[in-house]
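For reference, the structure discussed in these notes is given below.
The values are calculated or read from the model by the stated rules, or taken from the named source; none is laboratory data. None of these values were measured; they are calculated from a predicted model. Cβ atoms come from the backbone with ideal geometry, glycine included; neighbour counts cover every protein chain shown.
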């Protein structure tokens, strides 16, 4: 599609462990919708769990 190879600025965004993080968000939203957690607590937990997965991805993929 492009005539030139991608550059650092045109490669796009990469979110390591996206599928796992999406599952975490879904899980936390489900708990909020079920009334097991407040919306704020669920989102705070999703952020904490998501950040943990991102840090793990960074450690296992240092060149990414």
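Considering only residues that are surrounded by fewer than 10 Cβ atoms within 10 Å (Cβ to Cβ) and at pLDDT 95 or above, which ones fall in the range 5-64? Residues satisfying the conditions are 34, 35, 40.
Would you please name the residue that is farthest from residue 63 (Cα to Cα), looking only at residues in the range 16-52 that are part of a loop (DSSP other than H, G, I, E, B) and touching a residue at least 24 places away in the same chain (Cβ under 8 Å)?
Initially, the range 16-52 is screened for residues part of a loop (DSSP other than H, G, I, E, B), giving 16-17, 34-38.
With the extra rule that they be touching a residue at least 24 places away in the same chain (Cβ under 8 Å), the set shrinks to 16-17.
On the way: 16: 12, 17: 15 Å.
Step by step, filter the range 16-52, then rank; the result is 17.
For the range 53-64, how many residues meet the condition of being without any contact (Cβ under 8 Å) to a residue 24 or more places away in the chain and not in a helix (DSSP H, G or I)? Residues flagged as without any contact (Cβ under 8 Å) to a residue 24 or more places away in the chain and not in a helix (DSSP H, G or I) within the range 53-64 amount to 2.
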